[in-house]
Amino acid sequence: AESYSWDGQPSELGCGEPGCMPLSAGWDAANRIIVAAGEKDALGMAYRRQTGGRGLQLLGTAPLAGARGAMFAAAVDDVAQLAAFGGSDGSVQIMDLSQFW
């Protein structure tokens with residue numbers, strides 16, 4: 001198993017700081033894109049797995065506009081075109097991942 005910090009770098013300790021609890025994670029059918037939601041900076045994060053090695057490339061963050069509070073849920077469609085993040089304020093943020101292909 002591999003462990004990563006919130007910024008996508010390999011880490012044995014995960015985030016390693018208070019207030020940094022991941023609450024949800026998801027991935028596409030090809031395991032290329034990983035999305036995570038949590039309380040760290042009230043963000044959802046989208047990452048691309050590095051080919052042939054350890055590491056994640058940060059693609060983007062949610063909230064995209066106006067949401068407040070932790071992101072509780074994260075999902076990505078099977079073909080990695082869209083990601084959705086559910087916020088504690090009741091918002092649903094949609095991230096267009098197609099711009100990264």
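Amide H contacts under 5 Å for Asp89: Arg68, restricted to partners 5 or more places along the chain or on a different chain, H placed in the peptide plane at 1.01 Å from N. Net charge in the neighbourhood of Ile34 (other residues with Cβ under 10 Å of its Cβ; Lys, Arg +1, Asp, Glu -1) is +2. For Ala80, the amide hydrogen comes within under 5 Å of the amide hydrogens of Ala29, counting only partners 5 or more places away or on other chains and with H modelled in the peptide plane. Residues whose amide H falls under 5 Å from that of Leu23, counting only those 5 or more places apart or on a different chain, are Ala37, Gly38, Glu39, with hydrogens built in the peptide plane.
Can you check what the net charge comes to around Gln81, using other residues whose Cβ is under 15 Å from the Cβ of Gln81 (Lys, Arg +1; Asp, Glu -1)? Result for the neighbourhood of Gln81: -2. Of Tyr47, Tyr4, the residue with the largest accessible area leads and the full order is Tyr4, Tyr47 (1.4 Å probe).
Between Ser11 and Ala30, the contour length at 0.36 nm per residue exceeds the Cα-Cα span by 4.5 nm.
The values are calculated or read from the model by the stated rules, or taken from the named source; none is laboratory data. Computed from a prediction, not measured in an experiment: that's the story for all the values here. FYI the Cβ positions are ideal-geometry reconstructions off the backbone, even for glycines, and counts take in every protein chain you see. In case anyone asks, the SASA skips ligands and DNA or RNA and just uses the protein heavy atoms, side chains included. Shrake-Rupley method; radii C 1.70, N 1.55, O 1.52, S 1.80 Å.
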